[in-house]
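A short write-up of the structure that comes next.
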Amino acid sequence: MTWLAETAMLSHGWRRFLLLVLAGAVAGLSVPPLFILPALFLAFPIWVWCLDGAERPKGWRRLFGPAFTIGFAFGWGYFTVAFHWLGAAFFVEGGVMLALMPFAILALAALIAFFWGIGSAAAHLFWSHGAWRIVTLATFITIAEWLRGHIFTGFPFDLLGYALTPTDEMMQLASLIGIYGLTFLAALLAGTPALIWPADGRALSRRLLPFFLSLLVIASQLGYGYNRLTGMAVTERTDVAFRLVQPLVYEHADWGNADPVALIDRLLMLTDMRMDPTDQGIADITHVVWPESSLPFFLSTYPDALARIARLLPDTTTLLAGAPRQAFEPGAIGTPGPPYNALLAIDSNGEVIASYDKSHLVPFGEFLPFQDFFGQLGIKQFVPGAEGWGHGDARRRLMSLPNTPAFLALICYEVLFSGDLGDTEAAQFMLNITNDAWFDGSIGPAQHAHHARVRAVEEGMSLLRAANSGLTFATDPLGRVTAEIAPQQMAVLDANPHLRLAPTTFSQIRYWPLLIALLAGVLISVVVGRRPRRVR
C-alpha cells in the first residue's frame, strides 16, 4: 500500500489519468444494487494521494489544471460503471442508436464527471497535507454532488451516499441526514485509508485511528438503524386498499405498434384478476394503479376505453393510470398543446376527475437538450413525441381524491429528488408509477427501486410503486419492502399504504445541518490550507 500511495503521488500525465479512471471504476462497484462498499474504501484513497502529488499551476489554470483532471478521471470511471445500464435503452431503438450506445454512455459519464472535476479542483485550492485534507475533499465533492442533483434539471442518480444504504438498518440514517448527508459521510469515511499510508514517520496507532473511527461510525449507523426498526411501530391503513398492476406493456417505444383494444383487454383482465376462489376481484379494492406508459396512446384515439373502464370499476373504486395527456392551448379551440406524461384518476363513470403531469422530465428520454444540434446527427428522444413533452407543475404532485388520503404522485425518476418531492407535510403516503422496461436485463430497475425506498425512509411515509415490468412493490414508512412482484411477471399486487410516522428529523429540517457542516468544512479548509506546512 505504501508503494501504491507513492506511485499515485508521483504519477502524472496519461498514467495518472488511467490510474484514476480504473480507481473510479472500482469505486463504481459500490452503487446500488451491487453495494460492494469496500471498493469505495480501496479506490478513494488513490484520489487523495493523486491530489497530494498534483502540480500547482498559477492563476486560472489551477481551476482546470491537474486537480480538475484528477477528479474528472476518477468520476469518469465511477459514472461509466454506475450508468452503464443506460445502454440497455439503445437496444430498444436499435439501428444508429445502437451504434452510438458506447459513445453516448462515455459522453454522459464524462459530462457528469465534470462536476467531480470542479469539486476536486476546488478542494486542491485549499489542500493541506494532514488529516484535514480528507474533510476538504469530502466537503467539495458533496457540494459537487448537490449541484449535479439540482442544476440543469438535476440528475441525482447514484449519489455517493447510496453506498451507505445496502441494508434496511443502514438505510435508516437517511431519516436524520438525508442522502446528501450520507454522501458527505461516505466521502469522509472512504478517504480515511489515505491517512494510513505512507507511514511518513508516524506511529502505526496514530495512522490507524481515523480508519477505525470510520468503522465505528458504520457500526453506530447499523446500531441506530437496528434500534429504529425494532423500536418503531408501523400501522397499515384500513381506509384504502390498492391493487398495483404489472402488465408488461412493451409498446411504449413505438406507439405505432400499440393495439389499444388488446392493451385495454390485458389491463382490464389483470385489474379484475382473482387470486383464489374466495377472491372478490376488485370488489374490495378502492384504488387500482396502472404504471407509467401502460397506455402508450392518447385516450382520445380510443374513445371506448373510458367506457370499458367504467363498466368494470365498482362505484367505490378509482383507477390511477399512467397515460399521456394531450393539452390544448387556452383560447385556441382544437389547437393541441404539448403532450404530458401524466397520472390520470378515472372514476366509475369513466370520467377523468384529476390528473398530475410529470414535472421532472428525463433528458434525452422525454426531451432533447440542444435539439437542433442532436437532431442533425439523427439523435432523438427515446419516448415518442416529436416535439418533446411538456413540463407539469411540481406543486400539483399532491393529489386529493374523494375518500382518499392525500398522497404524492411521483412519475418515474421524480422519486429521486431528495427534499424536493412536493407537499410532503400534507401527504400521507407516496405513489410512484414508472416504466423501467427500457432497461430490462440490467441493474437499472433495481437501482431505481432502491433510490425510491430511501425516499420513504427520509420522509417517514410508505411507498407504493407500480412498475410496468418490475420492480412493483410496497414499503412501510421505514423503507422495508412489505409485498412485491417478481420482475418480468405479469401479475397484480394487493397492498395497503401505512399510516405515516411522526415527522422525521430530515423532513423537518431538511439539509440545513448539512449546509452548516459544509460551510464549516470550507472554513476549516481555508484556514488549514493557508497554514505553512511543517517540515519534519
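A compact table of results
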item: Extended-chain gain in nm, criterion 0.36 nm per residue less alpha-carbon gap, Leu519 and Phe212; result: 107.9 nm
item: Footprinting exposure proxy for Phe44, Phe157, Phe212, Phe114 (fewest neighbouring C-beta atoms within 10 Å first); result: Phe212, Phe114, Phe157, Phe44
item: Coil-residue trypsin sites (Lys or Arg not before Pro) of region 181-259, DSSP, other Cβ within 10 Å capped at 16; result: Arg202, Arg237
item: Potential lengthening between Asp393 and Asn349 on full extension [0.36 nm per residue; Cα-Cα distance subtracted]; result: 13.2 nm
item: Inter-centroid distance (Cα atoms) of region 420-484 relative to region 263-330, Å; result: 21 Å
item: Computed over the chain, Cα set: Rg, Dmax in Å; result: 24.9, 84
item: Approximate spin-label separation Ile151-Ile509, in nm, with each point projected 7 Å along Cα-to-Cβ; result: 2.8 nm
item: For Trp512, Trp85, order by how many other beta-carbon atoms lie within 10 Å, fewest first; result: Trp512, Trp85
item: Bridge type composition, the chain - antiparallel percent by DSSP, nearest 5; result: 60 percent
item: 0 to 90° range, to nearest 10: angle between helix 132-148 axis and the chain longest Cα axis; result: 30 degrees
item: Ranked by how many other beta carbons lie within 10 Å on average, peptides 182-190, 425-433 from highest; result: 182-190, 425-433
item: Arg311 versus Asp239: modelled label distance in nm, points set 7 Å from Cα along the beta carbon direction; result: 3.4 nm
item: Inter-site label distance for Phe91 and Ala110 at 7 Å from Cα along Cβ, in nm; result: 2.5 nm
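Where a number appears in this text, it was derived from the coordinates with a stated rule and is not lab data. Every value quoted in this text rests on a predicted model; they were computed, and no experiment measured them. Positions of Cβ are generated from backbone atoms using ideal geometry, with glycine treated the same way; all protein chains shown enter the neighbour counts.
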